[in-house]
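The values are calculated or read from the model by the stated rules, or taken from the named source; none is laboratory data. This one's a predicted model, so the numbers in the text were calculated from it and none came from an experiment. Cβ sites come from the backbone with ideal geometry, for glycine too, and all protein chains shown count toward neighbours.
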Amino acid sequence: MARGVNKVILIGRLGQDPELRYTPSGQPVASFSIATNEAWKGKDGTMQERTEWHNIVLWARLAELANEYLKKGSMVYLEGRLQTRNWDDKDGIKHYRTEIVVQNMQFLDSRDQAGAAGTRQSAPPPSGPPEDENMGPANGNDLPF
């Protein structure tokens, strides 16, 4: 049986400080969003720019490192996979959230801007789905600001 590929590579800046939480079993999980930018010249010759926001989730030691060294505005390189969660809110409305579950992270800011700049860290993905499948958006809405 053929397998597909689910791999995402992003370089961007954090939209807010990482939020570190713990599952009931004590597993660290961090979340934040990053912005990536795209620029092009429009038909009329003027420069156009678009910002895309990505929801990021890190587990275990990567979550702790992100919480310790990253902050709003930090530049970071991330590798991971796409994952979409769904949950029902208190009114029974189904919500969906697509996230990048990070498996490899590298801090890109200078040492003056981040304590562990240039550190490359990898972690094995958690075995199985997150323990709290009904966990909603980390900050209550999908907007990073």
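Screening I11 on (1) farther than 18 Å from R97 by Cα; (2) in a strand (DSSP E or B); (3) in contact with a Gly (Cβ under 9 Å, 6 or more places away or on another chain) shows it passes everything except condition (3).
Within the stretch 40-59, count every residue that is farther than 14 Å from V101 by Cβ and either out of contact with any Lys or Arg (no Cβ under 8 Å at 6 or more places or on another chain) or of a type in the set (D, E, K, R) (or both). Final tally of qualifying residues: 12. Is it the case that the stretch 128-143 has a residue that's in contact with a Pro (Cβ under 8 Å, 6 or more places away or on another chain), modelled with pLDDT of 95 or more and either over 21 Å from S33 (Cβ atoms) or of a type outside the set (D, E) (or both)? No: zero hits.
Within the stretch 53-70, the set of residues being not in a helix (DSSP H, G or I) and not polar (S, T, N, Q) comprises W53, H54, I56, V57, L58, W59, L70. The set of residues in the stretch 67-84 that are closer than 21 Å to R97 by Cα and surrounded by 18 or more Cβ atoms within 10 Å (Cβ to Cβ) comprises L78, G80.
The test for being without any contact (Cβ under 8 Å) to a residue 24 or more places away in the chain and not in a strand (DSSP E or B) does not hold for G73.
Among the residues of the stretch 14-43, just one is in contact (Cβ under 8 Å) with a residue 40 or more places away in the chain, over 20 Å from R61 (Cα atoms) and not in a loop (DSSP other than H, G, I, E, B), namely A35.
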